[in-house]
1. State whether segment 68-196 is rounded, prolate or oblate according to the following rule on the C-alpha gyration tensor (a ≥ b ≥ c being the square roots of its eigenvalues): a/c under 1.5 gives rounded; otherwise a/b larger than b/c gives prolate, and the remaining case gives oblate.
2. Among 41, 143, 4, 112, which comes first, then next, by fewest other beta-carbon atoms within 10 Å?
3. Please compute, over every Cα-Cα pair in segment 48-139, the percentage with a separation greater than 15 angstrom.
4. Select from 176, 109, 73 the residue whose mean-square fluctuation is largest in a Gaussian network model of the chain (Cα-Cα springs shorter than 10 Å).
5. If neighbour count is taken as other Cβ atoms inside 10 Å, put 97, 139, 209, 258 in order from fewest to most.
6. With 5 Å bins from zero, work out the P(r) of the chain over every alpha carbon pair and list the percent per bin.
7. Please order 197, 100 by the number of other Cβ within 10 Å, starting at the fewest.
8. Could you work out how far the C-alpha centroid of segment 54-86 sits from that of segment 188-207, in angstrom?
């Protein structure tokens, strides 16, 4: 099941929905983090028919999201322009994911600041080489198309850049699509540790720059850059641009590194 099919088949609850996580969405023993963030967003945005669009989210990956799960949302506060909604995913073992989503209507502003240039060494999508790895996690092979976003370098650096899109791009809500694709990258620290090193995302903050994210043919350019790693914990900055090089979202993530 692709994401839009998973949502369509979910069993409705009064404050959310329930579903069984298909094998194709797993990353090790838990569901892919982008999937859980998108599931929480789907429940949150449907709490009210006139909910504004998503502008920011803070998610916590508390434990393995596996098997039969319930996704429930609760409105924390609704102001004139912004609404705060919390979503929680529980399994038979208890809470496994919790997030706060901020939905906000657009307002006129006299401030215009955008310091997020497209990487000068980014490989154009038409020239990018496809990522094909039989050992990649199930969710990557089953639900995403991925291409390398930067030239291969001799010196290893703590950053990863990919082009990515859903295999059925455009079939779901645009913000849910961004949350799904935005966490596809392996952590930026991985080129230094080796891609076989076990890692686990703990916390993810993402801010959306536009109320109407669009990109050519569904492709997003993703980049993660680690700026700290010590005592089993890494911190990284994350960016998303569309295929025209326009900045769409920025983020930050804390990652546990087991090696």
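Laboratory data are not the source of any read-out in this text; all were calculated from the coordinates shown. The model shown is predicted, which means the values in this text are computed figures rather than measured ones. Every residue, glycine as well, gets a Cβ built from its backbone with ideal geometry; the counts of neighbours run over all protein chains shown.
1. Numbers: a/c = 2.08, a/b = 1.34, b/c = 1.56.
Oblate, because a/c is 1.5 or more while a/b does not exceed b/c.
2. Values: 41 26, 143 23, 4 17, 112 5.
In increasing order of surrounding Cβ atoms, one gets 112, 4, 143, 41.
3. Of all Cα-Cα distances in segment 48-139, 75 percent exceed 15 Å.
4. The residue with the greatest mean-square fluctuation here is 109.
5. 258, 209, 139, 97
6. Per 5 Å bin, starting at zero, the Cα-Cα P(r) for the chain comes out as 1, 6, 13, 18, 20, 18, 13, 7, 3, 1, 0 percent.
7. Numbers: 197 14, 100 17.
So the residues, fewest neighbours to most, are 197, 100.
8. 23 Å
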